[in-house]
Amino acid sequence: MTILNSTAEIRAGDAAHHIHPMTNTRELNEKGPRVIVSGKGSYVTDSDGNKILDGMAGLWCNALGLGRTEIVDAVTKQLQDMSFYNTFFNTTHQPVVDLAKVLSEVTPPQFNRFFFTGSGSDSNDTILKFAAYYWELKGEPQRNIFIGRHGGYHGSTVASAALGGFEGMHKMNGLPVGNVFHAPSPNWWDFGGDLSREEFGLKIANDTLSMIDGIGANRVAAFIGEPIMGAGGVVIPPATYWPTLTKGLKERGILLISDEVICGFGRTGNWFGCETFGMEPDFMTMAKALTSGYVPMGAVAVSDKIVDLIIEKGGEFAHGYTYAGHPAGCAAALATMNILREEAIIERVRDDIGPYLQKKWAALADHPLVGEAPMVGLIGAIQLTADKVTRKPFPSDAGVGMICREHSFNNGLIMRAVGDRMVVAPPLTLSHGEADEMIEKAILTLDMTYADLQAKGLM
Ligand SMILES: *Cc1c(COP(=O)(O)O)cnc(C)c1O
């Protein structure tokens, strides 16, 4: 049995030797991180013994909650039978073949072949190469421009960060960003002005197509978007946006990449977010819930149109990761897919727990601090605002979202703050009781945050 060090010892070791992702290390070391020691189902426990309801399913990934023995056992058995073999140089193995076959069954019909990676970021880098190779083979090598969106998130490698729309991530001392343009975000709350949501969705789709025409549509290789922007604040696009944009891209011959790293595998109440929003992608990016987060793994779904041309006309596809199709990752993903299917989890999100939580969640918008509380499937947001009607933001240095996040953690509910928007994506296995608990804790958190803001004269 592992003997755990004291919290103080773990914090000291962390400060001395561990560099955290997306973190200001100086500030973290002053404050000390929360130490998580165990997790079961929808809860994690910290080293002070607090049991916390994980409204974020880890980092959007633990779709089936923690500690599912079916996944653990499948991975263990695979590691015992064949811990590793690669899929380069004319070899394959059953776990990777089984997983690819299952994915072909659950993805939209245009997808029958899959390339495996270690993460969502790797997957998006892979898609750039596939798209570039496709256009070269197709005889349109001038199509080498990619379009992402402001507020989009596609990963942290140099290329995937360039596709994303977080300026801070790709303006690092001039790292290469070539050939990427960013289209406007369909974020109605921040940018919708006086337009209705539907009018705004149409406008942004059409502005995006005009921008593409300005660049030269025949120079554009592909457009990438998350069905719902996740890290950008759970931005649920107006219903008019994706169908209009999908049609316009198709008319211009531009490939569509649906980044399903968050929306995939049931999060929106369908297997994939593109199905919920009327997109017809040529590629899908997959990671996170693919293995329910138990083992790192990513995958790329490549449509028949692309892969058929590459097989027919191409040579060696000069791209691959050592751990592509890692047997342990495949075992975790297969066990995850089994549970999703056998327990009809996606139908449950669509017909039962999704609507149940959405209804209560939407009512949070009655709170004086809340402008809107949208949720699709089991992914939602709470927009904090100083004025529900004018949608006036708080001063950016007031850190309102962080105040709210802190209260939420202390009240036993993990929510993430994106600016002044709180976001949640709980495990898809969430029970009705846990949904009620989320709501109670969210209300308590909003009340406490509201009291703080009144005391500071911000409300
Ligand atoms: C998390 C995320 C990624 C990156 O995945 P990693 O596994 O962290 O590399 C890409 N796209 C979206 C939409 C994500 O949420």
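The values are calculated or read from the model by the stated rules, or taken from the named source; none is laboratory data. Just so we're clear, the structure is a prediction, and the values are computed from it rather than from any experiment. Note: ideal-geometry Cβ built from the backbone for every residue, glycine included; neighbour counts use all protein chains shown. Only protein heavy atoms, including side chains, enter the accessible area calculation; ligands, DNA and RNA are left aside. Shrake-Rupley method; radii C 1.70, N 1.55, O 1.52, S 1.80 Å.
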Query - Residue selected from the stretch 130-171 under the condition hydroxyl-bearing (S, T, Y) and within 15 Å of the ligand (Cβ to nearest atom), by the criterion surrounded by the most Cβ atoms within 10 Å (Cβ to Cβ) - result: S160
Requested in this report: From (1) open to solvent by 60 Å² or more (accessible area, probe 1.4 Å); (2) free of Cβ contacts under 8 Å to residues at least 40 places away in the same chain, pick out the condition that doesn't hold for G13.
Outcome: (1)
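Which helices (runs of 4 or more DSSP H) sit wholly inside the stretch 112-171 and have at least 1 residues that are touching a residue at least 60 places away in the same chain (Cβ under 8 Å)?
Numbers: elements: 120-137, 158-163, 167-170.
Answer list for the stretch 112-171: 120-137, 158-163.
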Query raised in the report: Here is a list of conditions, (1) of a type in the set (K, R); (2) under 24 Å from the mean Cα position of the chain (by Cα); (3) over 29 Å from M422 (Cβ atoms), and R197 meets all of them except one; can you say which number that is?
Result: (3)
**Report entry** Failed item in (1) out of contact with any helix residue (DSSP H, G or I) (no Cβ under 9 Å at 6 or more places or on another chain); (2) surrounded by 22 or more Cβ atoms within 10 Å (Cβ to Cβ), with E316 passing the rest
**Finding:** (2)
Query raised in the report: What is the one condition in (1) under 17 Å from V180 (Cβ atoms); (2) within 15 Å of the ligand (Cβ to nearest atom) that I254 does not satisfy?
Result: (2)
Requested in this report: Name the one entry in F115, F89 that is open to solvent by 20 Å² or more (accessible area, probe 1.4 Å), at pLDDT below 95 and either more than 18 Å from L334 (Cβ to Cβ) or within 25 Å of the chain's Cα centre (by Cα) (or both).
Outcome: F89
Query raised in the report: Where residues in the stretch 357-395 are open to solvent by 20 Å² or more (accessible area, probe 1.4 Å) and of a type in the set (V, I, T), which of them is modelled with the highest pLDDT?
Result: V376
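Quickly run through the stretch 102-148 and pick out the residues that are among the aromatic types (F, W, Y) and under 19 Å from N86 (Cβ atoms). Steps first, answer last, please.
Let us first name the residues in the stretch 102-148 that are among the aromatic types (F, W, Y), namely 111, 114-116, 130, 133-135, 146.
Those that are among the aromatic types (F, W, Y) and under 19 Å from N86 (Cβ atoms): F114, F115, F116.
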Query raised in the report: Looking only at the stretch 214-251, which residues are in contact (Cβ under 8 Å) with a residue 60 or more places away in the chain and within 13 Å of the ligand (Cβ to nearest atom)?
Result: I224, G225, E226, I228, M229, G230, A231, G232, G233, V234, V235
Requested in this report: Among the residues of the stretch 282-310, write down those that are open to solvent by 10 Å² or more (accessible area, probe 1.4 Å) and free of Cβ contacts under 8 Å to residues at least 60 places away in the same chain.
Outcome: D308
Requested in this report: Please report, ordered by residue number, the helices (runs of 4 or more DSSP H) entirely within the stretch 321-438 with at least 3 residues that are more than 27 Å from Q454 (Cα to Cα).
Outcome: 327-342, 345-351, 353-362
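Just checking, which of S210, S196 is under 25 Å from G377 (Cβ atoms) and more than 14 Å from the ligand (Cβ to nearest atom)? First the steps, then the outcome.
Working: S210 fails: under 25 Å from G377 (Cβ atoms).
S196 is the lone residue from the list that is under 25 Å from G377 (Cβ atoms) and more than 14 Å from the ligand (Cβ to nearest atom).
Quick one: in the stretch 59-86, of everything that is within 16 Å of the ligand (Cβ to nearest atom) and open to solvent by less than 50 Å² (accessible area, probe 1.4 Å), which residue is nearest to Y43 (Cα to Cα)?
The initial filter retains those residues of the stretch 59-86 that are within 16 Å of the ligand (Cβ to nearest atom), namely 59-63.
If we keep only those that are open to solvent by less than 50 Å² (accessible area, probe 1.4 Å) too, we end up with 60-63.
Working: W60: 14, C61: 14, N62: 11, A63: 12 Å.
Top of the filtered list is N62.
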